[in-house]
Amino acid sequence: MLRDGELAMLRAKRRGADRIEIFNPAMRTEEENRLPLESELRMALQRQQISVLYQPITRLASNQLAGFEALMRWDHPTRGRLSPQDFIPLAEESGLIVELGSYVLGQALDEAATWHRVLPRDRDPLFVSVNVSSRQLFRQDMVQEIRLLLAREQVARGTLKLEVTESLVMENPERAVEILTWLKTYGASLALDDFGTGYSSLSYLHRFPFDIIKVDKSLVHDSAVDDQAPLILRSVVTLAHELGKEVVAEGARTRPTRAICAPSAASSVRASTMASPCRRGMSVRC
């Protein structure tokens with residue numbers, strides 16, 4: 001009974017806070033399947049079976065390449081290519097997310113340094129965005145690792161953009177402010193990811209030192225089918241611009257949606273298209 005209760009508890013934790021999960025026998029099978037996958041993920045890191053793909057981001061106004069977002073894929077020997085949804089939760093539970101995150105950060109910055117050599121641009125160097133997990137952000141040596149990586153690659157300030165979610169920073173707001181401020185001091189840019197899915201408090205824009213706001217794709221999608229959603233999206237974009245921040249509208253595929261993010265004379269707009277073999281789509285960077 002204790003073992004079965006613990007399985008139900010783990011299921012509840014994986015699906016978010018304040019949940020109740022009732023045990024069913026299928027949970028035992030899931031746990032039995034999870035353990036081999038965890039072992040395989042450890043070996044995948046050692047054998048470099050984790051691929052880092054890059055989603056190009058272009059400026060919508062000029063159609064000029066602005067940077068890339070780093071995306072992980074696991075080239076599993078028997079299951080084929082796995083997306084982050086298939087292994088990131090497992091990595092977070094097992095603690096492998098720290099090693100995995102460090103690997104991606106190193107790969108992404110090394111790639112960015114290559115871009116700068118191949119396509120040098122003094123005014124607007126290409127950047128790379130990397131998602132950061134809770135375990136990564138709040139671990140003791142996170143700031144030191146980023147500082148050393150940036151110094152080793154000798155890339156321009158703002159080349160590395162770290163994306164964190166609302167729920168992550170709210171786990172420990174005071175500590176998050178401290179860490180994010182140090183990261184920005186050492187030259188990293190900061191993006192608030194999935195804005196619109198959690199607390200979505202506008203006070204975040206003042207409390208945390210974010211440079212970019214990424215509006216969740218659910219709000220962008222709703223703008224095409226809901227009469228009120230375009231007003232909300234346009235208000236978020238306008239407010240961000242007034243505060244001197246950029247906005248990423250994820251999943252903007254239509255002209256009307258992109259028009260909502262049309263820049264003012266003093267703003268810049270960027271669009272990103274998923275590169276193969278990732279799922280095709282488009283987002284707008286305002």
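The values are calculated or read from the model by the stated rules, or taken from the named source; none is laboratory data. Note that the structure is predicted; figures quoted are calculated from it, not measured. Backbone-built Cβ (ideal geometry, glycine too); neighbour counts: all protein chains shown. We work out accessible area using only protein heavy atoms, side chains counted, and drop any ligands, DNA or RNA first. Shrake-Rupley method; radii C 1.70, N 1.55, O 1.52, S 1.80 Å.
At a glance:
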| quantity | calculated |
| --- | --- |
| Sequence-distant residues sharing a close amide H with A249 (under 5 Å, placed H) | V215, V284, R285, C286 |
| Neighbourhood charge, 15 Å Cβ-Cβ cut-off, centred on Q49 and excluding it, Lys, Arg +1 and Asp, Glu -1 | 0 |
| Test item: Cα-centred dipole of segment 1-160, Lys/Arg +1 and Asp/Glu -1 on Cβ, debye | 320 |
| S62 accessible area, 1.4 Å probe, all protein chains in place, Å² to nearest 10 | 70 |
| Shape category assigned to segment 43-91 from the gyration tensor of Cα positions, a/c cut at 1.5 | prolate |
| Candidate lysines - alpha carbon under 24 Å from K161, same-chain residues fewer than 8 apart omitted | K184, K214, K217, K245 |
| Accessible area of Y186 in the full protein assembly, 1.4 Å probe (Å², nearest 10) | 90 |
| Per-residue SASA entry for V155, accessible area with 1.4 Å probe, Å² rounded to 10 | 20 |
| Solvent exposure ordering (accessible area, 1.4 Å, most first) of R42, R152, R139 | R152, R42, R139 |
| Accessible-area ranking of W115, W74, largest first, probe 1.4 Å | W115, W74 |
| Prolate/oblate/rounded call for segment 67-150, Cα gyration tensor, a/c under 1.5 rounded | oblate |
| Diffusion constant of segment 13-156 at 25 °C, which comes from Stokes-Einstein with the Kirkwood Cα-pair radius and 0.890 mPa s, µm²/s | 141 |
| Solvent-accessible ranking of M43, M27, largest area first, probe 1.4 Å | M43, M27 |
| Potential lengthening between T181 and R79 on full extension [0.36 nm per residue; Cα-Cα distance subtracted] | 32.6 nm |
